[in-house]
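Chemist: This is the structure, below, for whatever I ask next.
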Amino acid sequence: MNRAIVFFLLALLFIPWLAFADEFERDRRNMVRSQIRARGIRDNATLEAMRNVPRHLYVPAVQRRYAYQDRPLPIGYGQTISQPYIVAYMTEIIRPDENSKVLEIGTGSGYQAAVLAEIVDQVYTIEIVRPLGEQARRKLKAQYGNVHVKIADGYHGWEKHAPFDAIVVTAAAEYIPPPLVEQLKDGGRMIIPVGSPFQMQLLMLVEKKGDGEITTRSLMPVRFVPFERGE
Ligand code: SAH
């Protein structure tokens, strides 16, 4: 057979690989269509970010093949990466844009921070479990220059970079930490699960109106890992 023909046939074999940036891109597109768009998420920036972030790189290697399934997954240290839909929901509701400065409490795997980093200007994220924070910092640094990870008790927020346009809390607190409300900009939005550990919790939206007035609204029942307190 002519060499050129052999080359052409070999090239044909690689087309499926060339069509997708990575082997999981198809799974990711399916995830966005069937789990996220289908449930009503419409914000284009959020959908695009969920299509872009390689979620499989933020879960432990043994969980990789489940990365795009419709559920949370264990990430070690008793913690979990949230279900993709919840990440999308929390992202959309804070109305992120390219000028936003966002604070996240509970870096965990770093996945939610990565989704935010795709959309906003700067992401500040705090994790209380040191090895998780360090691992997420390494992964995020390889992909994003606009994410800053601190290892600390997020109850106190990150005063130095306050105020924030939005705050995303990904561990369930018994009450809304006052320092976080303080560090929210006027006109800013905070999303936070509130409730006792391992009981029903409510995802709450806290808004600071222009005149400093604060409103809270409960959105839906959820289950998050507990908000831990440092020394
Ligand atoms: N956003 C994460 C979800 C991780 S689960 C992700 O995308 O993977 C919640 C995380 O909050 C856990 O890693 C837990 O260790 C962390 N956490 C709990 N209490 C905290 C606190 N007071 N300050 C900072 N992080 C906290």
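Read the figures in this text as sums done on the coordinates, not as results from a lab. Just so you know, these numbers come straight off a predicted model, no measurement behind them. Here the Cβ is made from the backbone with ideal geometry for all residues, glycine too, and neighbour counts use every protein chain on show.
Chemist: In straight Cα distance, which lysines are under 26 Å from Lys209, not counting same-chain residues fewer than 8 positions off?
Modeler: Lys101, Lys160, Lys185
Chemist: Using the 10 angstrom Cβ neighbour count as an exposure proxy, how do Thr80, Thr46 rank, fewest first?
Modeler: So the ranking, lowest neighbour count to highest, is Thr80, Thr46.
Chemist: For Ile5 and Arg138, what does the FRET efficiency come to when R0 = 45 Å and r is the distance between their Cβ atoms, rounded to the nearest 0.05?
Modeler: With R0 = 45 Å, the Cβ-Cβ based efficiency is 0.45.
Chemist: Still on this structure: When the Karplus curve 6.51 cos²θ - 1.76 cosθ + 1.60 is applied with θ = phi - 60°, which whole-Hz ³J(HN,Hα) does each residue of region 35-50 get, with x for Gly and Pro?
Modeler: 3J(HN,Hα) across region 35-50, in whole Hz: 9, 9, 5, 4, 9, x, 6, 10, 5, 4, 4, 5, 4, 5, 4, 5.
Chemist: Within a 10 angstrom radius of the beta carbon, how do Ser34, Ser100, Ser82, Ser109 rank from fewest other beta carbons to most?
Modeler: Ser34, Ser100, Ser82, Ser109
Chemist: A further question follows. Indicate, rounded to the nearest 5 percent, the antiparallel portion of the DSSP beta bridges found entirely in region 3-222.
Modeler: Percent antiparallel among DSSP bridges in region 3-222 is about 45.
Chemist: Taking Cα atoms, how many degrees apart are the long axis of helix 3-19 and the longest axis of the chain, rounded to 10 and kept between 0 and 90?
Modeler: 20
Chemist: Can I ask one more? Through the Karplus equation 6.51 cos²θ - 1.76 cosθ + 1.60, θ set to phi - 60°, convert the phi angles of region 55-68 into ³J(HN,Hα) values in whole Hz; use x for Gly and Pro.
Modeler: Listing the rounded values in order: 3, 5, 7, 9, 10, x, 3, 5, 9, 3, 6, 9, 4, 9 Hz.
Chemist: Specify the angular offset, from 0 to 90 degrees and rounded to the nearest 10, of the alpha carbon long axis of helix 84-93 from the longest principal axis of the alpha carbons in the chain.
Modeler: 50
Chemist: From the phi angles alone, apply the Karplus equation (6.51, -1.76, 1.60; θ = phi - 60°) to region 155-167 and give each ³J(HN,Hα) in whole Hz, x where the residue is Gly or Pro.
Modeler: 3, 8, x, 9, 3, 4, 10, 6, x, 10, 5, 8, 10
Chemist: Please give the residues of region 133-159, grouped as numeric ranges, whose backbone N is less than 19 Å from a label point set 7 Å along the Cα-to-Cβ vector of Lys185.
Modeler: Label zone hits: 146-148, 157-159.
Chemist: Under 5 Å between amide hydrogens, which residues at least 5 positions from Phe164 or on another chain qualify, with H placed 1.01 Å from N in the peptide plane?
Modeler: The answer is Leu184, Lys185.
Chemist: When we measure straight from the Cα of Lys150, which aspartates and glutamates land under 17 angstrom away, once same-chain ones fewer than 8 places off are left out?
Modeler: Filter leaves Glu104, Glu127, Glu134, Glu159, Glu228, Glu231.
Chemist: Between Tyr124 and residues 5 or more places away or on another chain, which pairs have amide H atoms under 5 Å apart, with H built 1.01 Å from N, and which residues are they?
Modeler: Val102, Leu103, Glu104, His148
Chemist: While we're looking at this one, here's another question. Could you list Met50, Met220 so that the one with the fewest beta carbons within 10 Å of its beta carbon is first and the one with the most is last?
Modeler: Met220, Met50
Chemist: A follow-up question, please. Once amide H atoms are built 1.01 Å from N in the peptide plane, which residues 5 or more positions from Gln201, or in another chain, come under 5 Å H to H?
Modeler: Correct list: Val222.
Chemist: Taking the DSSP beta bridges in region 133-231 as the whole, what percent of them are antiparallel, to the nearest 5?
Modeler: Around 70 percent of the beta bridges assigned by DSSP in region 133-231 are antiparallel ones.
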